[in-house]
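K.L.:
Dropping a structure here in structure tokens format, bear with me for questions.
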């Protein structure tokens, strides 16, 4: 089956499906049968080795029972494998009329139009009972998340889109979209090219706070439980002051600490002063000190975090050298020169994780040299990756995993590494 899957009797050129539904609490795999004779031959081998029970006939199809609670049903055209041994459910699936199937769903039709080798459709309504924040899931229960994955030369691409026919939910999603604006990429020059991870978004702080207030029934209890009522007002003032880019970078990681820097475009310094006054009165471990006009430091257990506003730019960092040069761009090669910049220019949100920079860290280099076995396999896979990029704009998002080899299909590269370490 591994060397020549077509010998299984399954039509591997046709789409295969995996689905689950709340009603049966089970999952099933569905495929088109290309050659029933070959399928029966395969099943005969499984039966002879006592892996499955002999085939039985039922309501126009045949079935065998696999180990555990699984069942494999097949007709002239369809193979169905389910982990839930429910004959009534299997009867329903095997006799399903097209007019009553998922094919009539507009969300499913939208998914089918997408490119890619793997496509996914998830209805949040099916997960409502499993989330603790029930009121949140009730608000979004008519939302369907549609995703598709493509293996391209030098890249694995995943696209994600929110889909709904509910007009109230469409309005809610449009309100969310207005919170974000296209990034100006204001702070790229402040981050060194060796940055490990970078998050940036274009944010309208007023609209963010207005949206949360308008939907207090959804978010109110979550925020109060997280931050406490007394801290919400200064936090609101701080977020309302943000008007433009917000960027955060993870610059270095050692066994004892992590170095970061964060910047945001703000209207003025008043909100940071309000935040400092409020948090200084709160019972928080550590001390807060004003260093200069609109400049502050928080110190705890020998660690310092500097924060404040300069030239209408909010900053926060735990690196003293960055703090002393907070108004300057990085002296050297910065993220302005990074490969991913051209991809994020028209986006409102992005996250970039540089696998290359992470593997070049001294600690990782040591582990790479000394690693073996399964760890060595993981390092081999990671060493072929350049960076992970997640971007968002309006109602959709995209994830790209870029490989260093730009000429070879990404799936082939992964399979080659897997073969190398598995002995296949």
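The values are calculated or read from the model by the stated rules, or taken from the named source; none is laboratory data. For clarity, every value in this text was computed on a predicted model and none was experimentally measured. Please note: Cβ atoms are built from the backbone with ideal geometry, for glycine as well, and neighbour counts cover all protein chains shown.
K.L.:
Output the residues belonging to segment 36-53 that are touching a helix residue (DSSP H, G or I) at 6+ places or on another chain (Cβ under 6 Å) and either in contact (Cβ under 8 Å) with a residue 60 or more places away in the chain or within 15 Å of residue 71 (Cα to Cα) (or both).
P.N.:
52
K.L.:
Still on this model: What do you reckon, is residue 41 more than 38 Å from the chain's Cα centre (by Cα), over 30 Å from residue 165 (Cα atoms), assigned to a strand (DSSP E or B) and not assigned by TED's automatic domain parsing to the domain that holds residue 121?
P.N.:
no
K.L.:
Let me ask something else. From (1) out of contact with any strand residue (DSSP E or B) (no Cβ under 9 Å at 6 or more places or on another chain); (2) crowded, with 18+ Cβ neighbours inside 10 Å, pick out the condition that doesn't hold for residue 298.
P.N.:
If we test residue 298 against (1) out of contact with any strand residue (DSSP E or B) (no Cβ under 9 Å at 6 or more places or on another chain); (2) crowded, with 18+ Cβ neighbours inside 10 Å, just (1) comes out false.
A quick yes/no check of all residues on (1) under 22 Å from residue 180 (Cα atoms); (2) at pLDDT below 90; (3) under 24 Å from the mean Cα position of the chain (by Cα); (4) in a helix (DSSP H, G or I):
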position	(1), (2), (3), (4)
350	yes, no, yes, no
365	no, yes, no, yes
378	no, yes, yes, yes
401	no, no, yes, no
412	no, no, yes, yes
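K.L.:
Looking at (1) surrounded by fewer than 17 Cβ atoms within 10 Å (Cβ to Cβ); (2) within 25 Å of residue 175 (Cβ to Cβ); (3) in contact with a helix residue (DSSP H, G or I) (Cβ under 8 Å, 6 or more places away or on another chain), can you tell me which one residue 213 breaks?
P.N.:
So residue 213 meets the others, but not (3).
K.L.:
Here is a follow-up. If you go through segment 320-336 one residue at a time, do you hit one that is closer than 23 Å to residue 154 by Cα and either surrounded by 11 or more Cβ atoms within 10 Å (Cβ to Cβ) or more than 31 Å from the chain's Cα centre (by Cα) (or both)?
P.N.:
Among the residues of segment 320-336, at least one is closer than 23 Å to residue 154 by Cα and either surrounded by 11 or more Cβ atoms within 10 Å (Cβ to Cβ) or more than 31 Å from the chain's Cα centre (by Cα) (or both), which makes the answer yes.
K.L.:
Still on this structure, I have one more. For segment 129-149: of the residues being more than 20 Å from the chain's Cα centre (by Cα) and part of a helix (DSSP H, G or I), which is modelled with the lowest pLDDT?
P.N.:
135
K.L.:
Let me ask something additional. List the helices (runs of 4 or more DSSP H) that sit entirely inside segment 177-256 and contain at least 3 residues that are at pLDDT 90 or above.
P.N.:
By residue number, 205-214, 229-240.
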